[in-house]
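Here it is, the structure, as structure tokens.
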Amino acid sequence: MRIVVCVKQLYDPKMARVSQSRQSLDLRAAELIMNPMDLQALEEALHVREAVGGEVTVLSLGKPEADDVLLWSLAMGADAAYLASDERFSEADAGVTAHALAAAIRRIGDVDALFLGEYAADSAGGQMGARLAAMLRWSFLPALAQVFLTDGHLSGLSYLETTARRLLTPLPAVVTVYHRANKPRFPHGAAVINAYREGKVIVWDADDLDMTLEELAPQTLFRGYSLLPERELGTRLDGSAAEMATDLAAMLQGRRLLGGEA
Amino acid sequence: MDFTFPREMEKFRKLVREFGEEVVRPAAKAADEKHEVDMDVIRQAAAIGLLGVPFPQKYGGVGAGETGYCILMEELGKVCTSTATTIGAHIGIGAMSIYLDGTEAQKQKYLVPLARGEKLGAFALTEPNAGSDAASIKTKAVRDGDAYLLNGSKIYITNGPLADVISVLAVTDPTLGAHGGVTAFIGEKQFGIQVGTVEKKMGIRGSATSELIFEDVRIPAENVLGPVGLGFITFMKTLDTGRLTLGAATLGGAEEALRIAIDYARVREAFGKPIAHKQSIQFMIADMAAEVEALRSLVYRTAWMVEQGMPYTKEAGMCKLLGSQTASRNIHRALQILGALGYSRDFPVERMFRDARIAEIFEGTNEIQRIVIASQLFKEVGIRIRP
Ligand SMILES: Cc1cc2nc3c(=O)[nH]c(=O)nc-3n(C[C@H](O)[C@H](O)[C@H](O)COP(=O)(O)OP(=O)(O)OC[C@H]3O[C@@H](n4cnc5c(N)ncnc54)[C@H](O)[C@@H]3O)c2cc1C
């Protein structure tokens, strides 16, 4: 049984500052972290491995420093780690990324299941799982919790919209792990020290992945951010409840926001 | 010169910080109020190796050395001084004495379960009539066949009520004094060591401190730690590393005070603007930050000296002296900046204020640290001074 977990490095969205005037994101103070949802995907995979045995392999696409999320995953208990990294990925959109990840998964080989986070905390695109399932022609189970593997099948509770549905599929399958599925473990201190000292990450570039020029060409172009304008401070009403209600009604009528007769 | 931490140390810090924020910080207030060690926190720390951070992996440790151990204490010092104390006494003096002077067999039998956190350690030196003057201990160890019989009592022993393995210092030959007549032992609670009075304390109330009573406690001769008669050296050597890492814990407290002060000064308004705009507040914060940086440099350089195998007695004394003063001063300033909120039990500064005071007293009072530092300084110019 081999599970591959896709993990992504991103700037901590909690530490990104929005600059309205320059219509840009200021990331200077932001730290690079592992997408929190991917931590849950990894935790779920480790949990499955503990139940049925096998191997958990982690895979990322990113700059060389993205090895950090893979080393942390190894510290948490993953068995092997691969990084797809290439200058030619610098403009990669979701399509290019999916092509690269799919190629890496084929190259890893003998993969029974692919786990991803429900979405990435920065872009919140949430499309990588579906794209990969389509490319690999595997079935796709979104937002899954309580994942189980039994004789060639994978099952779990899928949390979409307001209901949870129990789903079952034959393997191989692609799963995105529900963003509240579990609480990721702390790695052991010695595992952290060893993972970062040993640095066992295998790096593949686009050639290692046999990617064609077509697969490397992004279909979407990033042209900048369009951020919501700053909100102006509202008007504060004072006085008794009755006075404030009268004032409010007058204001709304003044702006023609209340129906009826004035 | 390179002042950066290796990557694995930065990541180890990330682990400890996340553990501190998610597990230790939320439990700190209740432990203080209940005046009890939160054993669930200690067990969770043990599960990820935090009870054996400096020791080699072959002894069940994390293998993060003195630097990693200082990182642990600094991060714990930020969130809960009680937890730093419990773990510090366990690793830094309890298990450390066995790591420094234990035989291979003793390390296998005692250090491994201590480092894995399966057992809790303590270090018993102080007696009712031997505090700063540790050489005048009275607990006696008399040879009896293949064992020693210990009689006497130890007081103010951190982890006393909880510890399974206790390093004890006792007099084996009253005619020889501290150098030659005092021996260190590895005791086990189950040998019959009794827990006496449990102290009610001003601070670090989430740690346990007690009396330990020895009445004909039989300790096998194979549990003598280091050479017979030279236990004082083992114990003093152990306290050297303890002082460094206590310095690291105080660094955490001092930094936390600074962080709280800045956060509050940004938002608290008085006379129409945030108090951050008042020069007297700025000056306090600037002093806090400068002292934190000085302490950080001293602590991590001393950790580096330990790892290089250099002598560090003087520097360890400085870490403890400067650290305890810096933490107390910074928390005092933070409390001032927070005004009534600093004095309220609803906010952690009040607890930090009570917790910080102990660092000026235990592991050798600050007066004793000055004696240690001065005697090293005079030794360097050929003069020998005694306390
Ligand atoms: C919470 C807590 C936990 C502790 N944990 C442990 C532990 O785990 N293991 C352990 O063995 N002990 C422990 N201790 C004991 C601690 O190390 C001693 O309290 C400390 O060494 C001081 O001893 P004392 O209290 O007897 O003070 P004393 O030695 O009586 O000192 C009283 C005062 O006289 C000063 N003084 C003494 N001698 C001199 C001198 N030569 N020159 C100048 N001034 C001097 C001291 O600095 C102090 O101000 C703990 C104590 C506390 C409070």
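The values are calculated or read from the model by the stated rules, or taken from the named source; none is laboratory data. Keep in mind it's a predicted model, so treat the numbers as computed, not measured. Neighbour counts run over all protein chains shown; Cβ positions are idealised from the backbone, glycine included. The accessibility values were calculated without ligands, DNA or RNA, using every heavy atom of the protein model including side chains. Shrake-Rupley method; radii C 1.70, N 1.55, O 1.52, S 1.80 Å.
Per-residue answers, yes or no, for (1) assigned to a strand (DSSP E or B); (2) in the same structural domain as A:L59 (by TED's automatic domain parsing); (3) over 22 Å from A:K8 (Cα atoms); (4) modelled with pLDDT under 95:
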site: A:L114; (1), (2), (3), (4): yes, yes, no, no
site: A:Y119; (1), (2), (3), (4): no, yes, no, yes
site: A:S123; (1), (2), (3), (4): no, yes, no, yes
site: A:A133; (1), (2), (3), (4): no, yes, no, no
site: A:L141; (1), (2), (3), (4): yes, yes, no, no
site: A:L144; (1), (2), (3), (4): yes, yes, no, no
site: A:V147; (1), (2), (3), (4): yes, yes, no, no
site: A:T169; (1), (2), (3), (4): yes, yes, yes, no
site: A:V175; (1), (2), (3), (4): yes, yes, no, no
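Would you say A:A190 is touching a residue at least 24 places away in the same chain (Cβ under 8 Å), open to solvent by less than 50 Å² (accessible area, probe 1.4 Å) and either of a type in the set (A, V, I, L, M, F, W, C) or more than 30 Å from B:V62 (Cβ to Cβ) (or both)?
no
Here's something else I'd like to know. I need the full set of residues from the stretch A:209-224 which are of a type in the set (G, A, S) and either modelled with pLDDT of 90 or more or assigned by TED's automatic domain parsing to the domain that holds A:R88 (or both), in order please.
Hit for the stretch A:209-224 is A:A217, nothing else.
For the stretch B:354-387, which positions are touching a residue at least 60 places away in the same chain (Cβ under 8 Å) and either away from the ligand (no atom under 13 Å from the Cβ) or assigned by TED's automatic domain parsing to the domain that holds B:R205 (or both)?
B:Q376, B:L377
Here's the yes/no breakdown for (1) at negative phi; (2) in contact with a Leu (Cβ under 7 Å, 6 or more places away or on another chain); (3) open to solvent by 100 Å² or more (accessible area, probe 1.4 Å); (4) of a type in the set (A, V, I, L, M):
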site	(1), (2), (3), (4)
A:P184	yes, yes, no, no
A:D208	yes, no, no, no
A:L221	yes, no, yes, yes
A:L237	yes, yes, no, yes
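Hey, does the stretch A:225-245 have a residue that's outside any loop (DSSP other than H, G, I, E, B), outside the structural domain of A:D93 (by TED's automatic domain parsing) and polar (S, T, N, Q)?
Scanning the stretch A:225-245, I find no residue that is outside any loop (DSSP other than H, G, I, E, B), outside the structural domain of A:D93 (by TED's automatic domain parsing) and polar (S, T, N, Q), so the answer is no.
Continuing with this model, one more query. Suppose we keep only residues that are hydroxyl-bearing (S, T, Y) and in contact (Cβ under 8 Å) with a residue 24 or more places away in the chain within the stretch B:137-179. Which one would you say is nearest to B:T85 (Cα to Cα)?
Among those residues, the one meeting the criterion is B:T158.
Determine, yes or no, whether B:A184 is part of a strand (DSSP E or B), within 15 Å of the ligand (Cβ to nearest atom) and away from chain A (no Cβ under 14 Å).
Answer is yes for this residue.
Related question: Given the criteria at pLDDT 95 or above, in a helix (DSSP H, G or I) and within 14 Å of chain B (Cβ to nearest Cβ), does A:L39 qualify?
yes
Within the stretch B:130-143, can you find the residues that are of a type outside the set (S, T, Y), open to solvent by 40 Å² or more (accessible area, probe 1.4 Å) and within 8 Å of the ligand (Cβ to nearest atom)?
Selection gives B:G131, B:D133.
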